[in-house]
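Data block below; observations after.
Every number here is computed from the coordinates shown, using simple stated rules; none is lab data. This structure is a prediction, so every number in the text was calculated from the model and none was measured. Methodologically, a virtual Cβ is constructed for each residue, glycine included, from the backbone with ideal geometry; neighbour enumeration extends over all protein chains shown.
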Amino acid sequence: DTGVSQNPRHKITKRGQNVTFRCDPISEHNRLYWYRQTLGQGPEFLTYFQNEAQLEKSRLLSDRFSAERPKGSFSTLEIQRTEQGDSAMYLCASSPIFHTQYFGPGTRLTVL
Amino acid sequence: AQKVTQAQTEISVVEKEDVTLDCVYETRDTTYYLFWYKQPPSGELVFLIRRNSFDEQNEISGRYSWNFQKSTSSFNFTITASQVVDSAVYFCALSEALIQGAQKLVFGQGTRLTINP
């Protein structure tokens, strides 16, 4: 399977804990995006990487959130000091140079 | 700012009926892309179609067809002879330019489609 993969698929954590999610894009896709989807809503853009450079961040991405893409391959999204409002599905997408984004299965985060 | 409106929150039809999902968008860009994605219960967003703003030709792919009308800023999606496997949440999305030629997607709220046997 050469699609976008994300791990873990589900994460339950207690408020105040740190969590980290991983995204493996389709190989040779140089663009990688993170989105967040809350219940009953469409996904919302969080951040974008071109190769290893993080080029755009949404205002939704508070200073408790950090994302990396070392060596332009997989990416990680870390949330520090989680809050109940962080409960959502975190989606990763990748694209080649032109436009169509292909999404992974997402990581569903529940903060108790 | 870009905006996508999917006014139909939920639609329920009986199998084999035709169903149309509406999508209306707002943009000031002259060049943009429109998309439809399907999200089954498993959660993964499945790409269905991309249409650029210069191409207003309707497209048909099997039981799926798309009607793009720039004059009314609409990009509607029709499923002909619906099947139970078509049950999912469908999202319409509009591209918004980022730096260095990349595009982020602005999604509508989605339409939950239920096909009853």
Could you point to the residue in B:Asn58, B:Val14, B:Tyr32 farthest towards the positive end of region B:1-72's charge dipole, with +1 and -1 charges on the Cβ of Lys/Arg and Asp/Glu respectively? B:Tyr32
How many Cβ atoms of partner chains, on average, are near each residue of B:101-113 if near means within 10 Å of its Cβ? 5
What number results when the radius of gyration of region B:36-117, computed over Cα atoms, is divided by 2.2 N^0.38 Å? 1.18
Between region A:41-107 and region B:1-50, what is the C-alpha centre distance in whole Å? 22 Å
Roughly how crowded by other chains is peptide A:93-99, in terms of the mean Cβ count from those chains within 10 Å of each of its Cβ atoms? 3
Past 28 Å, Cα to Cα: identify those pairs from A:Lys11/A:Lys57; A:Lys57/B:Lys3; A:Lys71/B:Lys38; A:Lys11/B:Lys16; B:Lys16/B:Lys104, in the order given. A:Lys71/B:Lys38; A:Lys11/B:Lys16; B:Lys16/B:Lys104
10 Å Cβ neighbours from other chains, averaged over peptide A:25-37: 2
Once you order the gyration tensor axes a ≥ b ≥ c over the Cα atoms, which shape class does region B:1-72 get: rounded for a/c under 1.5, otherwise prolate or oblate by comparing a/b with b/c? prolate
For the protein assembly as shown, what is the Kirkwood estimate of the hydrodynamic radius, computed as the reciprocal of the mean inverse distance between distinct Cα atoms, to one decimal in Å? 18.3 Å
Which of rounded, prolate, oblate describes region A:55-112, given a ≥ b ≥ c as roots of the alpha-carbon gyration tensor eigenvalues and a/c under 1.5 marking rounded, otherwise prolate only if a/b is larger than b/c? prolate
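Quick one: putting +1 on the C-beta of Lys and Arg, -1 on the C-beta of Asp and Glu, what dipole do you get for chain A around its Cα centre, in Debye to the nearest 20?
360 debye
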What fraction of the DSSP beta bridges in the protein assembly as shown is antiparallel, stated in percent and rounded to the nearest 5? 90 percent
Within region A:1-110, percent of DSSP bridges classed antiparallel, to nearest 5: 90 percent
By the gyration tensor of its Cα atoms, with a ≥ b ≥ c the square roots of the eigenvalues, what is the shape of chain A: rounded for a/c under 1.5, prolate for a/b over b/c, or oblate? prolate
